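Student: Got a structure for you, written out below as structure tokens; questions coming shortly.
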Amino acid sequence: MRGWENSIAEGLKDLREASKPDPECQGAYQQARLPVPATAVLEVCQATFTFYEEDPPVDDWARLAGFAFAVCDTVDKPPFESDFSKESTEINQKYLRKFEKWFAKNRKKWERLAAKEAEPLEQARQKLASVTSLEGKMT
């Protein structure tokens, strides 16, 4: 995988997983599964298809490995399990068609979930912007 593909996959994974202190073992941490980041999932799903329209187009394997697999590793009921060991033009196209059908079937659900996230995300953005502007005034 190229750097940007790995960044997308890891970014979605980081939005879905968090470490929290283990109450039974001092100094230890356990993984916690967070709610699906619907806004990010929706954007990555859309990127899977829009990068095909680039000039030159991003190849099928990069779209599958960099975008579709990241979604499959993030959502609770993926259309298929990500598998980086298989790569061929025929396999890539088969998985992309399957992903496209899954997204078409689930798109409205992701749009509804993303809409519910819009206000809290905007509040977080504003809070981060205010903290950033305060830090600039302190230096």
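Read the figures in this text as sums done on the coordinates, not as results from a lab. Since the structure is predicted, the reported quantities are computational estimates derived from the model, not experimental observations. Reconstructed Cβ throughout: ideal geometry from the backbone, glycine too, with neighbour counts over all protein chains shown.
Student: Residue 130 to residue 59: extension gain in nm, 0.36 nm per residue of separation minus the Cα-Cα distance?
Tutor: 21.5 nm
Student: Modelling each spin label as a point 7 Å along the Cα-to-Cβ direction, I'd like the residue 112/residue 84 distance in nm, to one decimal.
Tutor: Inter-label distance under the simple model: 3.5 nm.
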